[in-house]
Amino acid sequence: MKRTRITGTCIILLLSWLSLSGFALAPTTPRGLGSITLFPIPTPNSQPGSIAADPHGNLWFTEAKKGTIGEITPSGSITEFKTRNRHSRPWGITLGPDGNVWFTEYNANKIGRITPQGTITLFPLPTARSAPQGITAGPDGNLWFAEGPNKIGRITPKGSITEFPIPSMNRPEGIATGPDGNLWFTESNGSQGQIGRITPAGKITEFSLPSFLTDPFMITAGSDGNLWFTEIDGNQIGRITPAGTITEFPIPIEGSDPAGITLGPDGNIWFTQYSVPNIGQITPN
């Protein structure tokens, strides 16, 4: 994952089809992206990473640089919860089948669980320095996560962990449960990235991206029956169908480094922009 200098105050970026507050994007805005409204986040320079929705209509996100978990309501009200280690670098985040929010700690090499009230429990990984990133609730009632150098991990709601190596030497980054009941994950290899699909039984299929040097990062299932993913180096949002057809959409804000991505309770796609840093919302076409 690319590390870049962060400046300015962390803000929420909301993209929709309608023009809000009289501010419109330039005519070069690609189809599927619209206008922008901005909301401040309390902690500056926090490097927001991944984002996920809960059943109460709120969204939770990680703040990697400050070791913080954030909660934002659809109206923009934000609450922040500190993890036990401000250098743990929380990254991936998802709603678990137990009603809690689960997240990865990249530097601390742990999986975390936070209750709606903000109580945090941490589970160390068996493999040292595996640097877990993306995490998702699987179709089997467990949590699945991506870890290095080339593994997919599974953790039960009680904290039991199993690790599964993938055939290639690519690094899994993000992971999501698809509409087909399989787990989909991004693979970064420094040149042409791939999207991987693994069945609950462990069968893996890989799909190469059309573009080179884009670094596919996080991935989520959309309301349209497809998977959506970020390309952090390519400054694009990608879409892949369950059959493996890939489409890429450039973001009009140069150098925004799209990172985390999720389906929001409003049916739209929400994503973080690592280097601006922003949180964005896409209304699918």
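The values are calculated or read from the model by the stated rules, or taken from the named source; none is laboratory data. Computed from a predicted structure; not experimentally measured. Don't worry about glycine lacking a Cβ; one is built from the backbone with ideal geometry, like all the others, and counts go over all protein chains shown. Quick note on the areas: whole protein, heavy atoms, side chains included, nothing else; ligands and nucleic acids left out. Shrake-Rupley method; radii C 1.70, N 1.55, O 1.52, S 1.80 Å.
Observations, loosely collected:
- Just so you know, in region 249-259 the residues that are part of a loop (DSSP other than H, G, I, E, B) and hydrophobic (A, V, I, L, M, F, W, C) include one that is most open to solvent (accessible area, probe 1.4 Å), and it is Ile253.
- For region 34-58, taking the residues that are open to solvent by less than 30 Å² (accessible area, probe 1.4 Å) and of a type in the set (A, V, I, L, M), the one that is modelled with the lowest pLDDT is identified as Ile36.
- Taken over region 154-167, the criterion of being out of contact with any strand residue (DSSP E or B) (no Cβ under 7 Å at 6 or more places or on another chain) and either in contact (Cβ under 8 Å) with a residue 12 or more places away in the chain or charged (D, E, K, R) (or both) is satisfied by Thr156, Pro157, Lys158.
- Region 180-248 holds strands (runs of 3 or more DSSP E) entirely within its bounds, and those carrying 1 or more residues that are open to solvent by 30 Å² or more (accessible area, probe 1.4 Å) and of a type in the set (Val, Ile, Thr) map to 204-208.
- Which listed residue, of Phe81, Phe103, is among the hydrophobic types (A, V, I, L, M, F, W, C), at pLDDT 90 or above and under 18 Å from the mean Cα position of the chain (by Cα): Phe103
- Flag if Thr186 is touching a Pro at 6+ places or on another chain (Cβ under 8 Å), closer than 22 Å to Gly148 by Cα and not aromatic (Phe, Trp, Tyr): yes
Each row is one residue, and each column tells you yes or no for (1) over 18 Å from Phe61 (Cα atoms); (2) among the hydrophobic types (A, V, I, L, M, F, W, C); (3) touching a Leu at 6+ places or on another chain (Cβ under 7 Å).
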residue	(1), (2), (3)
Leu213	yes, yes, no
Ala221	no, yes, yes
Gln236	yes, no, no
Thr245	yes, no, no
Pro250	yes, no, no
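- Set Gly99, Gly118, Gly112: member being out of contact with any strand residue (DSSP E or B) (no Cβ under 6 Å at 6 or more places or on another chain) and under 30 Å from Pro44 (Cα atoms): Gly99
- Among residues of region 69-81 that are buried (at least 19 other Cβ atoms within 10 Å of the Cβ), those with a Cβ under 6 angstrom from a residue that is among the acidic types (Asp, Glu), sequence gap 6+ or separate chain, pair up as Gly70/Glu63; Gly70/Glu80.
- Listed conditions (1) at pLDDT 90 or above; (2) under 17 Å from Ile51 (Cβ atoms) are all met by Arg197, apart from (2).
- Filtered by the rule that a residue be free of Cβ contacts under 8 Å to residues at least 60 places away in the same chain and open to solvent by 10 Å² or more (accessible area, probe 1.4 Å), region 170-179 gives Asn170, Arg171, Thr177.
- Any hit, region 101-108, residues being in contact with a Ser or Thr (Cβ under 7 Å, 6 or more places away or on another chain), open to solvent by 10 Å² or more (accessible area, probe 1.4 Å) and without any contact (Cβ under 8 Å) to a residue 40 or more places away in the chain: yes
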